[in-house]
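Sending over a structure as structure tokens; questions will come in a sec.
The values are calculated or read from the model by the stated rules, or taken from the named source; none is laboratory data. Remember, predicted model here, so these are calculated numbers, not experimental data. Protein only, heavy atoms only, side chains kept; ligands, DNA and RNA dropped before computing areas. Shrake-Rupley method; radii C 1.70, N 1.55, O 1.52, S 1.80 Å.
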Amino acid sequence: MLLMHLKQLLLKHKDLKMGKIVQYSIENFKGGLSCSEAVVKACYDLGLVDDSLINIATSFSGGMQSGCI
């Protein structure tokens with residue numbers, strides 16, 4: 001569901017380059033966020049989502065116990 005939401009945002013904001021999201025995500029991940037948190041925070045930093053989605057992303061990394069791939 002989270003990925004579907006992010007995909008819809010990207011389709012809506014075609015002018016936003018995917019590379020910017022990837023760049024921000026990598027920086028966030030290196031800063032200590034989990035993979036799901038890093039991607040959602042990148043979208044938040046770019047003004048695509050509100051900060052409540054970060055809490056949802058946290059449950060994907062810790063609650064599912066699958067780790068980052």
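Ignoring ligands, DNA and RNA, how do 40, 49, 22 rank by accessible area with a 1.4 Å probe, largest first?
Most to least solvent-accessible, the answer reads 22, 49, 40.
Among the aspartates and glutamates, which fall within straight-line cross-link reach of residue 7, defined as a Cα-Cα distance under 18 Å, with same-chain neighbours fewer than 8 residues apart omitted?
Excluding near neighbours in sequence, the set is 15, 37, 45, 50, 51.
By how many nm would the segment from residue 52 to residue 30 lengthen if fully extended, with 0.36 nm per residue of separation less the alpha-carbon distance?
5.8 nm
Could you pull the accessible area for residue 7 with a 1.4 Å probe, rounded to 10 Å²?
Rounded to the nearest 10, the figure is 130 Å².
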